[in-house]
Structures are given as structure tokens and as C-alpha cells.
Amino acid sequence: MISGLAGLQLFLKGEALSGRTLAVALMFLAGSFLGAIFARCFAGLICRRRKAPSARFASLFIGLSVGTAGLTAFIHYLHFSAYYAQWHGEFGSLHRLVEIVMTGASSAYIFTVKGMQLLLPWGLALLFAAAWDYARSSRTT
């Protein structure tokens, strides 16, 4: 649903269907898939001790928000880093470490400014719906 939301947001902004928009949708698809796996594992660990619906809701809400946004941002960083790797210094040098840290910081900034626009506000509604459904479910984690 997240990658569909990102694709719809790109379409509504007037972006034509191209390799770039497909790459963005696939990046969100991979990030949301991995984020859902992370969220399910996180919620399962938390809910072993606290089985109340509020704990189930909170654990999946936190797991999905951190997992989806965090892993999508990490995939964005990997793409960004692969592009800039051709200009990085020697492997193992302090200069390269600084370049990697700065590439990560700029990637996080760009994802926060541009990528989160594709998720908000409708992604937040999907997040609440998924957490509410998980809290209501009676299945064990």
C-alpha cells in the first residue's frame, strides 16, 4: 500500500511514468516490505510480556513508523552512496569515512524533505489503520 501511495502521490504531482518514478516506487516497496517484517518482529517481542491491546497498538505503530521510514531511508542512502562512491577517497582512510558520514547526512536530509512528502498525510492514516487492526486481532504474535 505504501508503494502504491508513493506512486499515486507522484502521479498527482504531475510526474510522468518513467524510470525515475518506477525506481522511487520500488524503493518504497522494498522499504515498506522490510519495514513490515521489522514491525511484526518488534511487535512480537514487545507483546510477549504485555498482551493488552494498547501495547499491541503502540508496538506495531512504533515498529511500522520507524521500520518503514527508516529502512526506506536506508535504501535511499545505499542508492545515494553507490552514486557518489566514484568520487570517494581510498578505502579505509579517514577522508573516506568523513565522506561516507556526510553522504549519509545529506541522504537523510533529502529523504526527510522529499521522501516523507510522499508518505504524509495518507501514510499516517494507513499506519493508524494497520496498528488498530493489529491491536484488535486476537491472533497470537
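For the stretch 76-89, does any single residue satisfy the condition of being under 16 Å from ALA130 (Cα atoms), surrounded by 13 or more Cβ atoms within 10 Å (Cβ to Cβ) and modelled with pLDDT under 85?
no
Just to check your reading of the model, which residue among GLY35, GLY19, GLY63, GLY44 is open to solvent by less than 40 Å² (accessible area, probe 1.4 Å), more than 21 Å from LEU120 (Cα to Cα) and small (Gly, Ala, Ser)?
GLY44
Quick one: is ARG56 surrounded by 15 or more Cβ atoms within 10 Å (Cβ to Cβ) and farther than 24 Å from PHE111 by Cα?
So ARG56 fits the description; yes.
For THR21, which of the numbered conditions (1) more than 21 Å from THR112 (Cβ to Cβ); (2) at pLDDT below 90 fails to hold?
(1) is the only condition that THR21 fails.
Based on what the data block shows, is GLY35 part of a helix (DSSP H, G or I) and under 21 Å from ALA6 (Cα atoms)?
Considered against the rule, which asks whether it is part of a helix (DSSP H, G or I) and under 21 Å from ALA6 (Cα atoms), GLY35 comes out as yes.
Determine the pairs where a residue that is over 21 Å from MET116 (Cβ atoms), located within the stretch 29-48, has a partner that is open to solvent by less than 80 Å² (accessible area, probe 1.4 Å) and of a type in the set (A, V, I, L, M) with Cβ atoms under 7 Å apart, the partner being 6 or more residues away or on another chain.
Filtered contacts from the stretch 29-48: ALA43/LEU60; ILE46/ALA55; CYS47/ALA55.
Name, by its number, the condition in (1) out of contact with any Cys (no Cβ under 8 Å at 6 or more places or on another chain); (2) more than 19 Å from LEU26 (Cα to Cα) that does not hold for SER59.
SER59 satisfies all of (1) out of contact with any Cys (no Cβ under 8 Å at 6 or more places or on another chain); (2) more than 19 Å from LEU26 (Cα to Cα) except (1).
Considering only residues of the stretch 114-140 that are hydrophobic (A, V, I, L, M, F, W, C) and open to solvent by 60 Å² or more (accessible area, probe 1.4 Å), which is modelled with the lowest pLDDT?
Going through the qualifying residues, I end up with LEU120.
It is to be established whether one or more residues within the stretch 4-14 are part of a loop (DSSP other than H, G, I, E, B) and open to solvent by 30 Å² or more (accessible area, probe 1.4 Å).
yes
The values are calculated or read from the model by the stated rules, or taken from the named source; none is laboratory data. None of the values given here were measured: they were computed from a predicted structure. Quick reminder, even Gly has a Cβ in these numbers, built from the backbone with ideal geometry, and neighbours come from all protein chains shown. Ligands, DNA and RNA are stripped out before the accessible areas are found, and what is left, the full protein with its side chains, is counted by its heavy atoms. Shrake-Rupley method; radii C 1.70, N 1.55, O 1.52, S 1.80 Å.
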